[in-house]
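Novice: Before anything else, here's the structure in question.
What follows is calculated from the coordinates using simple rules that are stated; it is not laboratory data. Values in this document were obtained by computation on a predicted structure and should not be read as measured data. No Cβ is skipped: glycine too gets one built from the backbone with ideal geometry, and neighbour counts run over all protein chains shown.
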Amino acid sequence: MANHASVRKAVVPAAGLGTRFLPATKATPKEMLPVVDKPAIQYVVEEAVTAGLDDILFITGRSKRPLEDHFDRNLELEEVLEEKGDHERLASVTASTNLGRIHYVRQGDPLGLGHAVLMAENHVGDEPFAVLLGDDLIDPRDPVLQDMMAVRAEHGGSVVCLMRVPRETISLYGCPAVETTDRDDVVTITDLIEKPPVDEAPSDYAVIGRYLLDPAVFEVLRSTKPGRGGEIQLTDALRVLATMPAEAGGGVHGFVFDGRRYDTGDRLSYLQAVITLATERDDIGPGLRDWLASFVARM
Ligand code: G1P
């Protein structure tokens with residue numbers, strides 16, 4: 001029987017070294033870099049909780065302590081803000097503490113995304129779960145996990161989030177071969193390649209860092225050999241799942257997302273994400289927009 005159970009747990013891999021942001025990430029996890037005034041990772045946890053996934057497992061590594069502290073209480077700070085009667089800031093400090101039930105497991109050897117997900121097996125057990133990658137920031141106004149859950153409820157198996165991207169950028173992503181379904185925004189995935197060269201890409205769909213996975217993925221990951229970059233790739237395990245029968249937890253569908261998504265994984269797109277989100281804010285948006293317009297006019 002295909003596993004149609006609902007998804008309750010989210011796994012958030014956060015063990016990467018953040019080398020693209022050095023030296024900022026020498027002593028600070030890249031997940032803690034602020035997007036306007038909130039760490040990037042908080043958006044991701046809020047997204048999971050909004051979708052009903054209030055059991056969050058972080059896969060961390062060495063030097064991720066600030067991340068754990070961020071989702072814990074800071075009694076000293078709370079006391080100071082309380083004394084000052086600064087309730088607005090106090091609420092912003094306690095917001096991340098009260099988000100959900102947060103757990104941590106360390107990855108040990110950084111052997112790749114697939115390996116990080118395998119670390120979640122003990123906590124997740126035999127139920128479907130979500131994986132959210134911190135580098136992909138989905139605009140809170142365009143929630144995607146609920147739509148992906150609806151696809152899973154219909155088809156079972158696993159569901160990945162896809163976006164159409166310019167073909168010349170496809171080598172930055174996992175890329176699926178797809179067949180259409182009776183819905184424009186849902187495709188059946190028949191094959192997947194991690195970061196293919198442009199001329200070998202089977203489609204112009206990119207896998208975005210949101211996955212709903214059948215627990216069968218753990219068994220597959222255990223025997224997945226290192227792939228691109230010498231790392232154990234989640235994409236390679238999904239490729240196997242795509243060809244497995246539904247009774248064994250196989251089958252992979254793609255939900256084609258057309259909402260707003262920002263990439264906080266490299267410097268240029270990180271800056272674009274910060275500016276985009278800041279210009280849309282009620283508090284600092286108007287001032288920033290005015291300044292930007294005159295700044296650009298001077299360039
Ligand atoms: C990872 C995945 C890739 C996916 C991407 C989405 O790559 O391996 O398949 O398309 O996330 O952001 P990374 O960007 O971590 O190298």
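Novice: Within 10 Å, Cβ to Cβ, of residue 256, how many net charges do the neighbouring residues add up to if Lys/Arg are +1 and Asp/Glu are -1?
Specialist: Working: positive: 164, 183; negative: 147, 184, 185, 258.
The answer is -2.
Novice: Show the residues, 5+ positions off or on another chain, whose built amide H is closer than 5 Å to the amide H of residue 244.
Specialist: Sorted by chain and number, the residues that satisfy this are 251.
Novice: Turning to a different aspect of this structure: Could you work out the relative contact order of the chain, using alpha carbon pairs under 8 angstrom and six or more residues apart, expressed as a whole percent?
Specialist: Numbers: 570 pairs, mean separation 65.7, N = 299.
Computed value for the chain: 22 percent relative contact order.
Novice: Roughly what percent of Cα-Cα pairs across region 143-249 reach past 19 Å? It would help to have the intermediate numbers written out before the result.
Specialist: Numbers: 2437 of 5671 pairs.
In whole percent, the share of Cα-Cα pairs in region 143-249 beyond 19 Å is 43.
Novice: Can you list residues whose amide H is under 5 Å from residue 112's amide H, if they're 5+ apart or on another chain and H is modeled 1.01 Å from N?
Specialist: Here 232 satisfy the definition.
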